[in-house]
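To start, the structure itself, in structure tokens.
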Amino acid sequence: MDLGIAGRSAIVCGASAGLGRGVAEALAADGVNLLLAARSEDRLRRTAQEIAATASGTVSWVTADVTTEEGRAALLDACPQPDILINNAGGPPPGDFREWAREDWIKAIDSNMLSAIFLIKATLDGMIERGFGRVINITSIMVKQPAAILGLSNGARAGLTGFVGGLAREVAQHNVTLNNVLPGQFDTDRLKATQQKMASVSGRDVDAVRAGAQAGIPAKRFGRPDEFGAACAFLCGAKAVFITGQNLLMDGGEFRGLL
């Protein structure tokens, strides 16, 4: 399917690996000009070079921490008028809420709520003026199915979800959409770190934790970043204009609810 976005420009946050890279690769395959952002310079450079080797559009990169004002300014200096914005920041570590101080909560909110809101604030009016815009926020299945061990992530991402739900309706008439994509268990470094923590807490072997997790997914496997990227690229496409303010679960059927 031609998504109708060749030649558009996109900022992809957290693009050096995992789900962010999966989205970047999918957008590059559709001819989008990319600005990739992440904190790890060496890995980001390698990722940009690998994507650029087969991309028809341009691929540039900026080493930046999007959870800081300086990091967001660096992105916007390099790409001040993106047509597509992919918000993606690593989640806070798992743990016990009894051990989290106020500083832990503020850091989580800065990373997984406010960083996305401030990037939306900086780019949305330009999208409206140009008559095209797509914003994708990569959040988590935990917005719908919270786990106590990920309480910092649950709280911050739920706040972003509420903000986007209201804003999306306000700008839909301008061919600007905002959607959240909620990944379940994808085989990424983040998932492996969480499972290692769970194994440590429970006293189980990490391989047993991973096997049990896969058994609990109706698809009987973890998702792949390229599958996630393809879905996000569709939501960024011209034909996805009537999809906005939504929370798309990608979890292999793991969530058991109806809504």
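What to note about this one:
- Taking label positions 7 Å along the Cα-Cβ direction at both Asp77 and Val241, the computed distance is 3.6 nm, reported to one decimal.
- By DSSP, the beta bridges lying fully in the chain are antiparallel in about 0 percent of cases.
- Taking 0.36 nm per residue of separation and subtracting the Cα-Cα distance, full extension of the segment from Ser56 to Ala6 would add 17.1 nm.
- Shown here is the pair-distance distribution of segment 162-259: with all Cα-Cα distances grouped in 5 Å bins from zero up to the longest one, the shares run 2, 12, 18, 18, 16, 12, 10, 6, 4, 2, 0 percent.
- Under 13 Å from the Cα of Lys144 - aspartates and glutamates, other chains or at least 8 residues apart: Asp251, Glu254
- Using only alpha-carbon positions in segment 93-175, the gyration tensor eigenvalues give semi-axes of 30, 13, 8 Å once each is multiplied by 5 and square-rooted (largest first).
- Reducing segment 237-259 and segment 13-92 to their Cα centroids gives an inter-centroid distance of 23 Å.
- For Phe186, nonlocal amide neighbours, meaning residues 5 or more places apart or on other chains whose placed amide H falls under 5 Å from its own, are Gly223.
- Extension gain, Glu70 to Arg39: 0.36 nm times the residue separation minus the Cα-Cα distance gives 9.9 nm.
- Extending 7 Å from the Cα toward the beta-carbon at both Ala230 and Arg98 defines two label points whose distance is 4.6 nm.
- Of all lysines in the structure, those lying under 19 Å Cα to Cα from Lys220, and not within fewer than 8 positions of it along the same chain, are Lys192.
- Taking 7 Å steps out from each Cα toward its Cβ at Gln49 and Asp189 produces label points 1.7 nm apart.
- Backbone HN-Hα couplings from phi across segment 148-163 [Karplus 6.51/-1.76/1.60, Hz, Gly and Pro as x]: 4, 5, 10, x, 4, 5, 3, x, 5, 6, 5, x, 4, 4, x, 4
- Excluding same-chain neighbours fewer than eight residues apart, the aspartates and glutamates reachable from Lys197 by a Cα-Cα span under 17 Å are Asp96, Glu99, Asp187, Asp189, Asp205, Asp207.
- Debye log10 I(q)/I(0) for segment 152-209, one point scatterer per Cα, at q = 0.19, 0.27 Å⁻¹: -0.79, -1.06
- For segment 105-121, 3J(HN,Hα) per residue [Karplus equation, 6.51 cos²θ - 1.76 cosθ + 1.60, θ = phi - 60°, Hz, x = Gly/Pro]: 5, 5, 4, 5, 5, 4, 6, 10, 10, 6, 4, 5, 4, 5, 5, 4, 4
- Amide H contacts under 5 Å for Leu249: Leu182, restricted to partners 5 or more places along the chain or on a different chain, H placed in the peptide plane at 1.01 Å from N.
- Here is the size of the chain from its Cα atoms: Rg then Dmax, 17.7, 55 Å.
- Cα-based shape type of segment 36-129, given that a ≥ b ≥ c are square roots of the gyration tensor eigenvalues and the cut on a/c is 1.5: oblate
Only the coordinates and a few stated rules stand behind these numbers; no lab work does. It should be emphasised that the depicted structure is a prediction, and the values quoted were computed from it without experimental measurement. As a convention, Cβ positions derive from the backbone with ideal geometry for all residues, glycine included, and neighbour counts pool all protein chains shown.
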